[in-house]
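What follows is a single structure, written as structure tokens, with notes after it.
The values are calculated or read from the model by the stated rules, or taken from the named source; none is laboratory data. Keep in mind that what you see is a predicted model, and the values were worked out from it rather than measured. Virtual Cβ from ideal backbone geometry, glycine too; neighbours counted across all protein chains shown.
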Amino acid sequence: MPVVGPKEMFDRAYKEGYAVGAFNVNNMEIIQGIVAAAAEEQAPLILQVSAGARKYAGQTYIVKLVEAALAESDLPICLHLDHGPDFQLCKDCIDGGFTSVMIDGSHLPYAENIAVTRQVVEYAHARGVWVEAELGKLAGVEEHVSSEVSVYTDPDQAVDFVKRTGCDSLAIAIGTSHGAYKFTGEAKLDFDRLEKITGLMPGYPLVLHGASSVPQEFVDMGNKYGAKLGGAKGVPEDLLRRAAKLGVCKINIDSDIRLAMTANIRKYLAENPEKFDPRDYLKPARQAVKDMVRRKIKNVLGCSNKI
Ligand code: G3H
Ligand code: 13P
Ligand code: ZN
């Protein structure tokens, strides 16, 4: 099966009140772990590649690894560019076989965000590729965007933005943020704002970035074996389930995979100091990715048996 676009995935997710998981990939073990979990759960899947991941692995490697995953499974898999920083990178990914791209102009003035999103939409739609854009700012750090404070998405502006750009899905800011330190106090999302946006744009697929839950057991496991992750806190799983019933069709998860993988590598190496074959510690790491993704599919996304 070739890579697919996300339209059918989102249409069904919206109607049935669940979300599709978009998991960040950087290497073979991460891809294998994620795909094995989705195959066991018979879940639709988005594999997403950030600009940093593309730089780390190389676009050809990543695309070929995803093609290998497709050849080994019968799953519908969408290959998506995460946080595309500019038109050129979006174009390169579209030309290289991605079925979906995100143009992230959220850090730009409104008119410039519209202009660059519109430019990507024109190029992508002429080639049958889906475009996600972002309006509002998430606190936290990405490859090219860094914000100390979040600026939540204005519902009326979201309507205007979608109308003027023609983007196919929209990432919104309602309280999530990237990384493992999302809240200092109580974890909460602005559901009133989400309901307002959904009410103004019924049927339109929304995207939630920064949606890792930072499970305490992996923070503890990491810390036990030498990590320094004090104060790490994520989005509670039940809040994400609620968002998935309110028009959020795509939920982005990266940090939880990193935490699970790294905690397990730390544990393995601490318990087996004589080992130095990377396969020895990458095997439990890959298994940890798989277990984490299955947990997400079941507890957060609700997309088991939806293919
Ligand atoms: O939102 C950002 C993703 O977690 C990707 O992170 O830029 O470090 O690859 P990265
Ligand atoms: P997390 O850092 O919460 O996993 O978010 C990932 C993300 O939004 C990727 O675009
Ligand atoms: Zn993101």
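Do you know which residues across the range 249-280 are more than 16 Å from ligand 1 (Cβ to nearest atom) and among the β-branched types (Val, Ile, Thr)? Passing the criteria: only Ile265. Restricting to the range 296-307, and then to whatever is basic (Lys, Arg) and crowded, with 17+ Cβ neighbours inside 10 Å, can you tell me which residue is nearest to Thr176 (Cα to Cα)? In this case the residue turns out to be Lys296. In the range 1-24, the qualifying residues are those that are under 21 Å from Val248 (Cβ atoms), touching a helix residue (DSSP H, G or I) at 6+ places or on another chain (Cβ under 6 Å) and of a type in the set (A, V, I, L, M, F, W, C), and the one that is nearest to ligand 3 (Cβ to nearest atom) is Phe23.
Looking only at the range 92-143, residues that are away from ligand 1 (no atom under 16 Å from the Cβ), among the small types (Gly, Ala, Ser) and at negative phi come to 5 in all. The residue pairs whose first member lies in the range 170-195 and is within 11 Å of Leu206 (Cβ to Cβ), whose second member is surrounded by fewer than 23 Cβ atoms within 10 Å (Cβ to Cβ) and acidic (Asp, Glu), and whose beta carbons are closer than 6 Å, counting only pairs six or more residues apart or on different chains, are Ile174/Asp190. Name, by its number, the condition in (1) in a loop (DSSP other than H, G, I, E, B); (2) in contact with a helix residue (DSSP H, G or I) (Cβ under 8 Å, 6 or more places away or on another chain); (3) more than 16 Å from ligand 1 (Cβ to nearest atom); (4) not hydrophobic (A, V, I, L, M, F, W, C) that does not hold for Gly179. It fails just one condition, (3).
Within the range 52-72, the set of residues being over 14 Å from Phe23 (Cα atoms), in a helix (DSSP H, G or I), within 16 Å of ligand 1 (Cβ to nearest atom) and among the small types (Gly, Ala, Ser) comprises Gly52, Ala57.
Taken together, the criteria exclude Glu186 from residues that are among the acidic types (Asp, Glu), more than 16 Å from ligand 1 (Cβ to nearest atom) and modelled with pLDDT of 95 or more. The residue pairs whose first member lies in the range 240-259 and is farther than 16 Å from Met201 by Cβ and charged (D, E, K, R), whose second member is more than 10 Å from ligand 1 (Cβ to nearest atom) and assigned to a helix (DSSP H, G or I), and whose beta carbons are closer than 8 Å, counting only pairs six or more residues apart or on different chains, are Arg241/Asn299; Arg241/Val300; Arg242/Phe191; Asp256/Phe218; Asp256/Met292; Asp256/Lys296.
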